[in-house]
1. Against the empirical 2.2 N^0.38 Å scaling, what ratio does the C-alpha Rg of segment A:2-93 come to?
2. Using only DSSP helix segments of four residues or longer, with each worth -39500 (n - 2.57), what per-residue ellipticity at 222 nm results for chain B after dividing by its residue count and rounding to 500?
3. Could you work out the helix-only [θ] at 222 nm for chain A, with each DSSP H run of four or more residues adding -39,500 (n - 2.57) and the total divided by the number of residues, to the nearest 500 deg cm²/dmol?
4. With a ≥ b ≥ c taken as the square roots of the eigenvalues of the C-alpha gyration tensor of segment A:321-425, please select rounded if a/c is under 1.5 and otherwise prolate if a/b is larger than b/c or oblate if it is not?
5. Please compute the volume of the convex hull spanned by the alpha-carbon atoms of segment A:451-561 and report it per residue in Å³.
6. Using all C-alpha to C-alpha distances in segment A:106-170, build P(r) with 10 Å bins and read off the rounded percent in each one.
7. Which three semi-axes in whole Å describe the equivalent ellipsoid of segment A:191-267, each the square root of 5 times a Cα gyration tensor eigenvalue, listed largest first?
8. If you count the DSSP beta bridges with both ends in chain A, what percent of them are antiparallel, to the nearest 5?
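Read the figures in this text as sums done on the coordinates, not as results from a lab. This structure is a prediction, so every number in the text was calculated from the model and none was measured. Cβ: placed from backbone, ideal geometry, glycine included. Neighbour counts: every protein chain shown.
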């Protein structure tokens, strides 16, 4: 037994720890909102704590911290090693609840004819891997009467979809814990918030409709997503039974019911189904594309009425994961950067709060301006001389003795965090891999069906990320095809829009069911071109320069000046 | 023959067309291909690997260079076989059962070839039998890759099925850690493509 003295922001606690559990697990049980996005594998480094006094075990070795020499360690890898242990949980290791979430959506023509007989209140829910958004709907009129959103609390256990599957596969108890994190820790508090805002009661909510990716819907309903994690990636089911709110412990009417939108496959969920419906790509005379830009970019091509879908694992780099000063879209995150070769950074943050991190949209801006200004070359490497000349050079040695070149955006005294804000070459590498995955998915999906980018009549982009990025910059770094820049349509949170339609429009709801069997799933990894396309797309903007004539023309114009 | 600087630079810069042009010319002129492999191509890829380890190059440059290397290798492989070329040893590599990701695995395979090994590439979704069959064909080291946390546990099956034979198992991939390698009793862990090559070097007693 040891006594743990914990400090985290305003929280101060002393607790007894018994048995051999990692400090991270203990902190989470004690109610500290610790970020363990790699499920405690010790790979993400997000759950770091500062041990100010006492001894602890790491990899079987005993470490001793004293006040003059505090030690930093990932809390998922350490165990109490003595009678007492003093530790501080820095705010950067806590899971931030103030993330900006897109709850706006565009809808095609629709009518108010609810499939359920409810006349009180309905809730339309979008369960994303990272965020959850809900609208409360007056079922007499179809009017949205309040909106609310929050991060999906499952993030505290695992970051991306596959690690979520692994976590949920760790036995029934783990699955139940994840289910409780989405229902009791995320959705229920939002339902209360929605009703408070609208001055209504949660007991008036008679109907809930849910849209989300296949894994999220499985966990929400208490179904194991295990089979989605390995070949052939098949979910337990595609159509979900109607469920009672009571059995899911939802804060709704006792007699409330829940309708979950069906999934196409393990990696194309209800969010893709409603995306296909809302974008109307099937009505397009020529070829059209739908992409939900997120950690798993679901991409659907409609070619002469036939649907083909794939998912591209872009990874969470644009959510700030794996980026040294990366951040989710919280207040204080740098969301826009603009600069030229003078390297005078023009920066804006979310809610104009003091800068505390860099979010995905700013990383895209940084790459685009960096490439344009000659700070970053086509391989994603810095012009070190320029950095040094402008006093922006910063370098440090990693734990494995590698020197990492960085560009200093803001020194410590101007940043609202304990370290200077910078972008490293390793960060650029992560961003290039993410953007290459998206571009390679588009190109491979099209070429596998004998189509060229130029033949696409419209490109629909769904998701909050697409809503907030500078599209021109996303094109000039080679994430989206240059030839389609004029054909991009932003849909906002189409998953939430789909949940709203499922609640209010019986025709739309019927169409969702009929879409499920239509797309042919394309497995990108089995198409040899995918690797070539991915490698080509790792360069700025692309190895195949002819695919980005305008971007490079502008670049050359700058050089000639 | 000494180093062909143009070929060496071509691989380092990932200039695939240049590499193809030079290597094709050598093949046509029936120059000793073993010499261009040993004197120019292998040193270039080894140098890239070392720079990668020092953070002097990153994955994009590495993949582009590896692609140029592979283009050159494909051209000389028939001639090498004919000349009875001796490699540093035979190893096999594959992505584990249930997993289809292979870009990282392919990079390691090219790096190994580029370091002078004969590589039996088993592709993706490899079960224990596939790895065992390659050991029967003479592979001294098995390199196992997984990109998903959900497929990684299969590595344990590979390790335990190989126990008792002379072959060694090296594991790697995004979710894999040294801790995990220790836990399942793998002989080695490669934290990145170059590290995997170094691990094979050390397991086979090869001095680079």
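1. Dividing the Cα Rg of segment A:2-93 by 2.2 N^0.38 Å gives 0.95.
2. Details: 10 runs with 110 residues, N = 208.
Theoretical 222 nm ellipticity from helices: -16000 deg cm²/dmol.
3. For chain A, the value works out to -8000 deg cm²/dmol.
4. oblate
5. Each residue corresponds to 138 Å³ of Cα convex hull volume.
6. For segment A:106-170, the binned pair fractions read 19, 35, 24, 21, 2 percent.
7. 29, 11, 9
8. Counting DSSP beta bridges with both partners in chain A, the antiparallel share is about 70 percent.
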